[in-house]
Amino acid sequence: EPVAFGFHWYPIDVDGRKVGDLTNYAFSYRLKKNIGFALIATTCRPGTRVTVHKDGKAIGGVLQELPFI
């Protein structure tokens, strides 16, 4: 579901261990999906499946390299 853009920090974890924070996010009309920027531990790599905890919901995601387009 498309999200409105936002600039709030939300925790990110991998297998229950916090690895970073989502810092801002928006819906990409060109990519047709939600995208975001995050500060992530250097132990994580592109392709890592993560969980963002936003407003009481656990939202799955996958880390990508820049540029992701």
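Overview of results
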read-out: The chain - convex hull of alpha carbons, volume per residue in Å³; value: 87 Å³
read-out: Where R45, R30 fall by accessible area, highest first, once all protein chains stay in place (1.4 Å); value: R30, R45
read-out: Loop-resident sites, segment 18-69, for chymotrypsin sites (Phe, Trp or Tyr not before Pro), counting at most 16 other Cβ within 10 Å (DSSP); value: Y29, F68
read-out: Residue among T51, T42, T23 with the largest mean-square fluctuation in a Gaussian network model of the chain, springs linking Cα atoms under 10 Å; value: T42
read-out: Rel. contact order, % - alpha carbon contacts under 8 angstrom, at least six apart, the chain; value: 27 percent
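The values are calculated or read from the model by the stated rules, or taken from the named source; none is laboratory data. The structure displayed is predicted, hence computed values, not measured ones. Cβ: placed from backbone, ideal geometry, glycine included. Neighbour counts: every protein chain shown. When the accessible area is computed, the model is the full protein with side chains, heavy atoms only, and any ligands, DNA or RNA have been set aside. Shrake-Rupley method; radii C 1.70, N 1.55, O 1.52, S 1.80 Å.
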